[in-house]
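The values are calculated or read from the model by the stated rules, or taken from the named source; none is laboratory data. Just so you know, these numbers come straight off a predicted model, no measurement behind them. Backbone-built Cβ (ideal geometry, glycine too); neighbour counts: all protein chains shown.
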Amino acid sequence: MVFPHPLPLVPAPVSATAGEGRMPVTRALRVTGPADATTQLIDAVERRSGIRLPSTDGPAEITLRIDPANGSPEGYSLAIADSAEIVGADEAGLFYGVQTLLQLLREDEDGTWGFLRVQITDAPRFPRRGVMLDVARHFFGVDDVKRFIDSTSALKFNHLHLHLSDDQGWRIHIDSWPRLTELSSSTSADGDPGGFYSKDDYREIVAYAASRHMIVIPEIDLPGHTHAIGVAYPELVEAPVLNDDLIADSARLGQPLPVAGETYTGWGVGHSSVRIHEERTYDFVRDVVRELAEMTPGPYIHVGGDESLGTPQADFDLFASRATAIVVEAGKTPVAWHEMGSAENIAQGTVGQYWGSISPQGTHADEAARFVDRGGALIMSPSDAAYLDMKYAPDFPLGLDWAGIIDVRTAYEWDPTAVLDVPAAAILGIETPLWSETTPNYSDVEQLVFPRAAAHAEIGWSPRESPARTWESFRSRLGTLAPLWNAEGIAFHRSAEVSWS
Ligand code: TNX
């Protein structure tokens with residue numbers, strides 16, 4: 001049977017044919033293949049079922065292998081009958097085939113385990129399937145980030161964007177500007193404790209992400225969202241700009257206003273700016289970008305650019321062109337929030353991240369189009385569909401609502417190529433950001449991320465024309481992930497839109 005079929009898979013594969021019954025999973029099943037993939041499979045089956053499968057170099061019932069002739073990048077085929085074989089087109093493809101196999105593991109009523117028999121061929125729709133974690137508003141340590149990597153890479157996400165700096169804190173050690181972490185990392189939003197990554201911590205995250213086929217994109221948010229820089233180096237920033245919205249919002253939320261040189265614990269945006277006409281600012285940007293580039297094997301450095309309401313437009317444009325050029329000089333591809341597309345001469349090839357709404361407002365679409373005109377491309381993060389920090393429902397205890405209420409269905413029903421008037425080839429893919437103003441604990445993060453990230457994963461991976469790409473199919477497949485997520489200890493939100501098994 002071909003899709004739509006209740007195969008319990010998210011994201012839906014390109015093609016799947018279900019066989020009869022199950023391949024029994026017992027301690028007698030031997031696994032052979034590349035060491036990393038074999039270990040990841042054996043450990044995950046054990047976490048789920050308690051059954052530890054043996055690995056072997058000899059004959060085996062589960063074979064994992066890589067064959068570059070087998071499909072396109074990140075693709076794989078999977079066949080389960082009396083034995084199972086996963087053939088990845090590359091290492092990532094093999095990893096994704098293993099994730100699919102793990103979703104096919106089922107417990108029978110008598111307590112025995114089996115893999116649903118199936119034949120699958122699969123490959124992603126978009127090369128770019130990203131998640132973002134804001135570690136600036138609230139800090140999450142290395143172990144939390146590893147959990148985030150595990151749980152999102154299992155949905156076939158392949159980029160991890162870390163929002164490493166904001167008004168509330170600076171989270172990565174920089175040798176040439178040591179006061180950033182000495183003076184500006186110890187607090188978070190709401191006065192909660194902060195923290196930062198040492199360079200070794202960061203390298204550990206990058207290596208762990210790579211082992212799950214995720215590329216880390218570090219972001220230093222500039223020229224706004226920079227209050228924390230001024231706590232450490234006052235000479236780099238302007239005085240806070242207290243506009244009427246900020247004053248009203250702070251009063252409504254009972255939060256402090258930003259004070260120059262003191263750590264900021266409110267949620268306000270748009271009040272801070274680095275000094276645009278001081279060369280020392282660019283020395284700073286160059287040093288930070290260089291040190292980040294040295295420890296980031298991935299091709300990208302994100303320089304922010306969002307909501308710089310405290311920076312006059314002409315100054316902002318000047319900064320955008322200089323900051324993106326500095327990233328290019330450091331040998332990396334710049335990424336920026338779409339506002340930086342206001343600058344005529346933003347560096348060639350800069351990738352824009354669109355966060356406007358599904359129906360673009362004001363200048364957002366024109367700014368996004370600039371990246372394409374300048375030889376770059378776009379990542380789609382429309383805030384009214386892809387923002388993981390919006391509430392599921394008006395009374396949901398966590399999250400914000402400025403971009404809208406995003407229930408699971410809303411997270412699912414949009415298309416990345418239908419938002420902007422740019423060639424389809426200019427859309428690299430999607431990213432789903434988790435801003436952390438309202439999430440002091442990592443379990444809060446999981447409540448907001450799961451299950452909506454699964455909707456975004458399917459948008460990024462599954463073919464748009466697949467018969468499985470309907471809300472009804474998605475919600476029934478999504479419900480079957482509950483036992484897997486429970487076994488992995490993921491604190492997902494049991495949304496009433498889905499019947500969870
Ligand atoms: C907007 S849209 C932001 C962040 C906030 C977020 C909260 C954009 C690129 N930036 O600074 O954390 O809203 O939802």
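Just so you know, in the range 382-396 the residues that are part of a loop (DSSP other than H, G, I, E, B) and within 11 Å of the ligand (Cβ to nearest atom) include one that is nearest to W435 (Cα to Cα), and it is D389.
Looking only at the range 141-177, filter to residues that are under 18 Å from the mean Cα position of the chain (by Cα) and of a type in the set (G, A, S); which one of those is farthest from the ligand (Cβ to nearest atom)? Give the steps one after another, and end with the answer.
Within the range 141-177, the first condition is being under 18 Å from the mean Cα position of the chain (by Cα), and the residues that meet it are 141-166, 171.
Checking the rest, the ones that are also of a type in the set (G, A, S) come to 141, 151, 153-154, 165.
Numbers: G141: 20, S151: 21, S153: 24, A154: 25, S165: 11 Å.
The qualifying residue farthest from the ligand (Cβ to nearest atom) is A154.
Kindly check whether there is at least one residue in the range 154-166 that is of a type outside the set (D, E) and surrounded by fewer than 22 Cβ atoms within 10 Å (Cβ to Cβ). For the range 154-166, residues of a type outside the set (D, E) and surrounded by fewer than 22 Cβ atoms within 10 Å (Cβ to Cβ): absent. The single condition from (1) more than 28 Å from the chain's Cα centre (by Cα); (2) outside any helix (DSSP H, G or I) that R280 fails is (2).
In the range 375-394, the residues that are at positive phi form Cβ pairs under 8 Å with partners that are away from the ligand (no atom under 13 Å from the Cβ), at six or more places apart or across chains, as follows: G375/Q348; G375/G349. The set of residues in the range 438-452 that are within 16 Å of the ligand (Cβ to nearest atom) and either surrounded by fewer than 22 Cβ atoms within 10 Å (Cβ to Cβ) or within 13 Å of S151 (Cβ to Cβ) (or both) comprises T438, P440, D444, V445, Q447, L448, V449, R452. Determine if the range 398-411 includes at least one residue that is closer than 17 Å to W435 by Cβ, assigned to a loop (DSSP other than H, G, I, E, B) and more than 14 Å from the ligand (Cβ to nearest atom). Checked against the condition, which is being closer than 17 Å to W435 by Cβ, assigned to a loop (DSSP other than H, G, I, E, B) and more than 14 Å from the ligand (Cβ to nearest atom), the range 398-411 yields no hits at all. Screening S473 against (1) under 20 Å from the mean Cα position of the chain (by Cα); (2) under 30 Å from D108 (Cβ atoms) leaves a single unmet condition, (1).
Among the candidates G266, G254, single out the residue that is within 13 Å of the ligand (Cβ to nearest atom) and farther than 16 Å from S186 by Cβ.
Numbers: G254 fails: within 13 Å of the ligand (Cβ to nearest atom).
Just a single option satisfies the conditions, and that option is G266.
Scanning the range 108-119 for residues that are in a strand (DSSP E or B) and under 21 Å from S501 (Cβ atoms) turns up W113, G114, F115, L116, R117, V118. List the pairs whose first member sits in the range 67-79 and is farther than 24 Å from L105 by Cα and of a type in the set (S, T, Y), whose second member is modelled with pLDDT of 95 or more and crowded, with 21+ Cβ neighbours inside 10 Å, and whose Cβ atoms are under 9 Å apart, counting only residues at least 6 apart or on separate chains? If the second residue must be modelled with pLDDT of 95 or more and crowded, with 21+ Cβ neighbours inside 10 Å, the pairs left are S72/A89; S72/G93; S72/P124. Scanning the range 418-445 for residues that are closer than 18 Å to I459 by Cα and in contact with a Lys or Arg (Cβ under 8 Å, 6 or more places away or on another chain) gives L428, G429, I430, E431, T432. Just one of E458, E472 is buried (at least 23 other Cβ atoms within 10 Å of the Cβ), assigned to a helix (DSSP H, G or I) and away from the ligand (no atom under 16 Å from the Cβ); which is it? Result: E458 is the single residue among E458, E472 that is buried (at least 23 other Cβ atoms within 10 Å of the Cβ), assigned to a helix (DSSP H, G or I) and away from the ligand (no atom under 16 Å from the Cβ). Cβ-Cβ contacts under 6 Å between residues 6 or more apart (or on different chains), taken from a first residue in the range 128-157 that is assigned to a helix (DSSP H, G or I) to a second residue that is of a type in the set (D, E), are listed as V142/D201; V142/E204.
Test E431 against the stated conditions and say whether it is acidic (D, E) and within 16 Å of the ligand (Cβ to nearest atom). Break it down stepwise before answering.
Working: acidic (D, E): yes; within 16 Å of the ligand (Cβ to nearest atom): yes.
Yes: the conditions hold for E431.
Modelled with pLDDT under 95 and either within 16 Å of the ligand (Cβ to nearest atom) or not polar (S, T, N, Q) (or both): is that true of E109 in this structure? So that I can check it myself, show each step before the final result.
Values: modelled with pLDDT under 95: yes; either within 16 Å of the ligand (Cβ to nearest atom) or not polar (S, T, N, Q) (or both): yes.
When the stated conditions are applied, E109 passes them.
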